[in-house]
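**Q** I have a structure here, written as structure tokens, and I will follow up with some questions on it.
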Amino acid sequence: MEPERTFFEYLQSFSEAKSPIDFVLIYDNLGRFFDGALVTLQLTFLALLVGGLIAVPLAIARAYRKLFFSPVIRVYTYVFCGTPLLVQVYLFYFGLGQFKAVQESFLWDPILSSPWWCVVIAFTLNTAAYTTEFMRGAIETTPHGEVEAAKASGMSALTRMRLVILPNAFRRSLPAYSNEVIFTLHGSVIASTVTLQDLLGVGRWLNGRYYLAYEGFLTAMIFYMAIVLLITVALRLAEKRLLGHLRPRETSSSAAARVAA
Amino acid sequence: MVVIFEYRQILIEGTLVTISLAVLSLLLSVVLGLIGAFAKLSPSRGLRRAGSVYTIFVRSVPDLVLMMLIFFGGQTFVTQIGSLTGLWGYIEINQFVAGVLTLGFIFGAYMSETFRGAILAIPRGQIEAAMAIGMKPWQIFRIVTWPQMVRFALPSFTNNWLVLVKSTALVSVIGLHDLVWNAFSAGRSTHKLFTFMTAVMVVYLVITGISDLILRIVDRKYAAGVRRA
């Protein structure tokens, strides 16, 4: 005779013993996953924000080759785009300690010895390098007529950059930027390799603690999917709004064709 | 510098592991990419939907998460299936296999987008002409579609390959003794991680530099017959 059990206890024992995935355990630890998601989002958006701010002047310098530091920036973007992000994170977090001068500097204790800051620095430099390159492309492909028109109406070089070239370049690089946002989010999982408790970090912690095979990773995966979905929708809305003038105009015949289809 | 030279043996071994991992994943991803591209272009709605689900799934899950799921979860999963059906006992998925499967699966989705675009860029009339002179579907693929598809796909293919090479670094996290893992352990024991990580970066830059060169030669071969502006 089985003793009386509440429904939740029944669920719990079913989840632990019978179902391949212990969903009650996941439910119990959901709070940690939300904390992890917060860390992931913080890292991603901080890196994107600061990286984007760094990238704009660098892209301008790259697009107008006359400036002498264009080759220096090229070396920077080549190295950071050509090597794995994981190695860059290792270089900052584990590598910098090799130098006595760094360990004794005033930056060591608050910043360079903390995994969080090292990851933020590596992510920022990485995304800044990628952003610089595609934004340079967008600036270089500004239609010549726009620049000429701006010159003809008497704008100074700075005004031209501020009012004509940059806003249009930003718009045109938006699709590439959507990819960059997704890739930065994907890259942020690397934070878990230097002990940070981001989404994947929480998943690994859960699996390690209860000796599980899927639960932690599956939950982290679902969280990542939800975040990517939200970001994609938001960016698509932004694209629709900012690039609306580039979409093929709906004509009466195409609308009729759609109704017929 | 001297330290790097002392440890050259394990660095070279690691580089070979990294390269073979990347090449095998590339082969798998090309196969999956072709299947995916033809699924997306097929007249059957179910296949088209399956193709786009594949791409959307890969785009939304970070590579390391998938890799760990396949490495840690896949092991248990395969063993559980074995014990349920009684067909096999304990099966071990090693890090190399997990790495190839994951990277091949992920880049297969990107390749399928590349190939789909390339196939769409071939004028439809050429395929109709090939059908009109009585070519079989396989002949059409081999003689008409493939050579031009390679030409159109090459820039994006190159990009995918470069990203793939960089992604191989992640297998060191699940413990495969690749370039990053070997350099990391060497750096740990000598307390010179900065030096070793810099060396790793140089190796990756050399690999990407060489593959750039090779792909440029391939491009020249397949661009025969195209007038350059």
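**Q** Tell me which of B:TYR204, B:VAL171, B:THR145 sits at the most positive position along the dipole axis of the stretch B:2-222, charges placed on C-beta atoms (Lys, Arg +1; Asp, Glu -1).
**A** The residue sitting most towards the positive pole is B:THR145.
**Q** Quote the charge dipole size of the stretch B:2-222 about the Cα centre in Debye, to the nearest 20; the model charges only the Cβ of Lys and Arg (+1) and of Asp and Glu (-1).
**A** 760
**Q** Are there DSSP H segments in chain B that both extend 30 Å or more along their axis (alpha-carbon positions) and score a mean Kyte-Doolittle hydropathy of at least 1.6? List them, or say none.
**A** The answer, listed by residue number, is B:8-41.
**Q** With +1 assigned to the C-beta of every Lys and Arg and -1 to the C-beta of every Asp and Glu, and no other charges, what is the dipole magnitude of chain A about the Cα centre in debye, to the nearest 20?
**A** Around 1540 debye, computed over chain A.
**Q** Have a look at B:GLY14, B:GLY33, B:GLY46 and tell me which one the Gaussian network model of chain B (Cα, springs below 10 Å) gives the largest fluctuation.
**A** Fluctuation is largest for B:GLY46.
**Q** Any lysines with Cα under 21 Å of the A:LYS100 Cα? List them, leaving off those in the same chain fewer than 8 positions away.
**A** Excluding near neighbours in sequence, the set is B:LYS192.
**Q** Could you give the angle, 0 to 90 degrees to the nearest 10, between helix A:115-140's Cα long axis and the longest principal axis of the Cα atoms of chain A?
**A** 30
**Q** Related question: Which one of B:GLY36, B:GLY82, B:GLY51 has the biggest mean-square fluctuation once chain B is modelled by GNM with Cα springs under 10 Å?
**A** B:GLY82
**Q** Another question, then. State whether chain A is rounded, prolate or oblate according to the following rule on the C-alpha gyration tensor (a ≥ b ≥ c being the square roots of its eigenvalues): a/c under 1.5 gives rounded; otherwise a/b larger than b/c gives prolate, and the remaining case gives oblate.
**A** Verdict is oblate for chain A.
**Q** Local charge sum around A:LEU185 (other residues, Cβ-Cβ under 15 Å, Lys/Arg +1, Asp/Glu -1)?
**A** -2
**Q** Continuing with this model, one more query. Once both labels are modelled 7 Å past Cα along the beta-carbon direction, what's the A:PHE34-B:SER42 spacing in nm?
**A** 4.3
**Q** May I pose another question? Can you put A:TRP117, B:TRP161 in order of Cβ neighbours within 10 angstrom, beginning with the fewest?
**A** A:TRP117, B:TRP161
**Q** To the nearest 10 degrees, how steep is helix A:215-242 against the longest Cα principal axis of chain A, on a 0 to 90 scale?
**A** 30
**Q** What's the exposure ranking of A:LYS151, B:LYS221, going from fewest to most Cβ atoms within 10 Å?
**A** Exposure proxy ranking, most exposed first: B:LYS221, A:LYS151.
**Q** Summing -39500 (n - 2.57) over the DSSP H runs of n ≥ 4 in the protein assembly as shown and dividing by its residue number, what mean residue ellipticity at 222 nm do you reach, to the nearest 500 deg cm²/dmol?
**A** Counting only the DSSP helices, I get -23500 deg cm²/dmol.
**Q** Let me ask you something else. How would the stretch B:2-222 be classified by its alpha-carbon gyration tensor: rounded, prolate or oblate, with rounded meaning a/c under 1.5 and the a/b versus b/c comparison settling the rest?
**A** Cα axes put the stretch B:2-222 in the oblate bin.
**Q** Next question, about the same structure. What FRET efficiency comes out for B:ARG188 versus B:ILE133 if R0 is 60 angstrom and r is the Cβ-Cβ distance? Round to the nearest 0.05.
**A** Efficiency for this residue pair is about 0.40.
**Q** Cut-off is 10 Å between beta-carbons; in what order do B:ASP178, A:ASP28, B:ASP219 appear when sorted fewest neighbours first?
**A** The most exposed by this proxy come first: A:ASP28, B:ASP219, B:ASP178.
**Q** Rounded, prolate or oblate: which one fits the protein assembly as shown, using the alpha carbon gyration tensor with axes a ≥ b ≥ c (rounded when a/c is under 1.5, else prolate when a/b beats b/c, else oblate)?
**A** rounded
**Q** Find how much the distance from A:LEU158 to A:LYS18 grows on full extension, using 0.36 nm per residue of separation minus their present alpha carbon separation; answer in nm with one decimal.
**A** The A:LEU158-A:LYS18 span can extend by a further 43.6 nm.
**Q** What does the extension gain come out to for B:GLN80 and B:SER156, with contour length at 0.36 nm per residue minus their alpha carbon separation?
**A** 23.4 nm
**Q** If the limit is 27 Å between Cα atoms, which of B:LYS40/B:LYS136; A:LYS240/B:LYS40; A:LYS18/B:LYS40 go over it?
**A** A:LYS18/B:LYS40
**Q** Nearest 10 degrees is fine. How inclined is helix A:70-82 to the longest principal axis of chain A, computing both from alpha carbons?
**A** 30
**Q** Out of B:ASN94, B:ASN160, B:ASN182, any idea which swings most in a Gaussian network model of chain B, alpha carbons joined below 10 Å?
**A** B:ASN94
**Q** Enter the Cα centre distance for the pair the stretch A:113-170 and the stretch A:15-38, rounded to the nearest angstrom.
**A** Each part's Cα centre sits 43 Å from the other's.
**Q** Which one of B:LEU28, B:TRP88, B:GLY14 has its Cα pushed farthest toward the positive end of the charge dipole of the stretch B:2-222, where Lys and Arg give +1 and Asp and Glu give -1 at the Cβ?
**A** Toward the positive end, the furthest listed residue is B:LEU28.
**Q** Using +1 at the C-beta of Lys and Arg and -1 at the C-beta of Asp and Glu, which of A:ALA213, A:PHE106, A:PHE223 has the Cα lying farthest in the positive direction of the dipole of chain A?
**A** The residue sitting farthest along the positive end of the dipole is A:PHE106.
**Q** Could you give the distance between the Cα centres of the stretch B:105-160 and the stretch A:188-229, to the whole Å?
**A** Centre-to-centre distance over Cα atoms comes out at 38 Å.
Throughout, read-outs are computed from the coordinates displayed, never taken from laboratory work. Predicted, not measured: the structure shown is a model, and the values here were computed from it. We place every Cβ from the backbone using ideal geometry, glycine too, and count neighbours over all the protein chains shown.
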